[in-house]
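The values are calculated or read from the model by the stated rules, or taken from the named source; none is laboratory data. Quick caveat: nothing in here was measured; it's all calculated off a predicted structure. With ideal geometry, Cβ positions are generated from the backbone for all residues, glycine too; neighbour counts draw on all protein chains shown. What goes into the accessible areas is simple: the full protein's heavy atoms, side chains included, and nothing from ligands, DNA or RNA. Shrake-Rupley method; radii C 1.70, N 1.55, O 1.52, S 1.80 Å.
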Amino acid sequence: MSTSTVLGMVRHRSARRSLAILSSLLGLYAGAALASEPTVGPVPRASTCLFNDSHFHLTNYVQQGTDVHTYVNAIMGDKICRSTLFGIPLQQTWSYENSGNYAPTYYLQSDAPLYYYSFTDAVIARAYQSLSKEQQARLDPMITGFNPADMYAVDHIRRVLQLFPGVFSGIGEFSIHKEFVSSKVAGETASLTNPALDRILDLAGEVGLAVILHCDIDMPFAKAGQEPVYLSQMKDVLRRHPKTTIIWAHIGLGRVVQPTQSQATSDGAERSPAYMELVEAMLTDPTLSHVYFDISWDEVAKYAVASPESMQRTAAVLNKYPERFLFGTDNVAPADQAAQLRVFNLWAPIWAQLTPEASLKVRRTNYERIFDAARIRVREWERNNVH
Ligand SMILES: [Zn+2]
């Protein structure tokens with residue numbers, strides 16, 4: 001029995017009751033009942049499944065990417081049970097004036113601006129709709145093609161839900177502060193204090209859309225010993241939306257927004273313990289209990305496995321608060337399964353230090369809990385609001 005079948009069965013019941021029924025039935029999802037249904041490509045049994053991917057880009061900065069059938073059948077295969085599915089909202093301009101005949105595919109390959117490419121949501125929706133019901137049950141598509149500095153962004157999100165009902169589970173990954181990217185976006189720069197963002201997070205809470213938000217916690221190459229510059233603004237905006245499920249991508253880190261001191265002369269370890277204290281303070285704050293962290297991106301994995309001490313610290317926090325972290329790859333348009341498993345395997349030394357319970361939650365069941373709840377709530381909103 002697929003999750004979509006389960007969702008169909010609980011369609012006309014109240015959301016609360018639906019949740020209870022769903023959670024009791026979900027045990028069947030990855031088990032023999034699902035595997036016995038006719039399908040294209042392998043459908044994993046729970047035992048072969050390494051993880052669910054909470055952070056996955058099907059397409060790149062020029063809207064090119066992996067064929068969705070290849071993604072489900074060959075890349076997820078029997079190793080990845082479920083996955084989020086989104087493109088990238090920002091398109092890199094190919095400016096002839098800037099790079100001539102060189103066609104940039106990444107934001108670091110050109111000085112030309114990025115702009116919001118809303119058509120990405122239609123591309124993702126159509127890709128999802130081209131799949132069988134069994135394949136669809138393994139994916140959670142996300143809306144990304146809106147400008148978070150635009151008070152009209154909510155209208156875009158509503159319009160996508162109305163045009164493609166039955167498809168989306170959430171919004172994001174979208175970015176507020178992102179090293180090298182924010183300053184390249186054409187038009188007004190997004191900010192945590194812009195009411196346009198509050199409107200987006202309000203709508204997500206109302207509809208039940210899960211949110212994946214990228215916001216660097218700090219400026220690039222920040223000095224050690226100072227509070228990260230965006231931390232208090234970020235906490236404030238999160239606290240203003242307690243009814244919205246928000247996943248803070250990459251625990252707020254970036255390529256040069258590091259948990260460690262970034263000056264080449266430092267020993268690189270000074271800020272690490274302090275950083276985990278900041279994260280732990282958020283995890284124990286009852287006003288932030290709706291906030292989760294994804295540990296996606298190989299850049300984040302590098303910090304976590306940098307030294308025996310960093311591994312120990314990371315594992316300790318994951319073991320202590322296992323409900324609050326989700327694994328994801330943050331891969332962009334991967335060519336094959338090896339690319340997905342490479343990011344997962346970077347974490348091997350930390351997986352080895354987790355309790356079986358914590359490991360299962362971070363790799364799989366937190367994803368299932370958050371995105372199953374989102375699916376139920378968004379479908380219910382669509383029934384009441386899409387005519
Ligand atoms: Zn990402």
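Figures for the structure shown
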quantity	calculated
Surface accessible to a 1.4 Å probe, K178 within the full protein complex, Å²	30 Å²
Kirkwood-Stokes translational diffusion coefficient of segment 68-222, alpha-carbon pairs, 37 °C, 0.692 mPa s, µm²/s	196 µm²/s
Where S307, S296, S130 fall by accessible area, highest first, once all protein chains stay in place (1.4 Å)	S130, S307, S296
Environment charge of S95, counting only residues whose C-beta is closer than 14 Å and scoring Lys/Arg +1, Asp/Glu -1	-1
Carbon/sulfur fraction of accessible area - segment 108-198, other protein chains in place, 1.4 Å, %	54 percent
Exposure ranking of Y115, Y107 by accessible area [1.4 Å probe, largest first]	Y115, Y107
DSSP-assigned coil residues among GluC sites (Glu not before Pro) in segment 148-216, each with at most 12 further Cβ atoms within 10 Å	E188
Order of exposure, largest accessible area first, which applies to T84, T189 with probe 1.4 Å	T189, T84
Under the Debye formula (equal points on every Cα, no solvent term), log10 I(q)/I(0) of segment 264-387 at q = 0.16, 0.17, 0.20, 0.23 Å⁻¹	-0.88, -0.96, -1.20, -1.40
Cross-link partners of K243 among lysines (Cα-Cα below 29 Å; sequence separation of 8 or more within a chain)	K178, K235, K320, K361
Cα-projected label distance for A281 with N345, points at 7 Å along beta-carbon direction, nm	3.9 nm
Distance from segment 314-387 to segment 101-140 (C-alpha centre basis), Å	21 Å
Cα gyration tensor shape for segment 111-182, rounded if a/c is under 1.5, else prolate or oblate	prolate
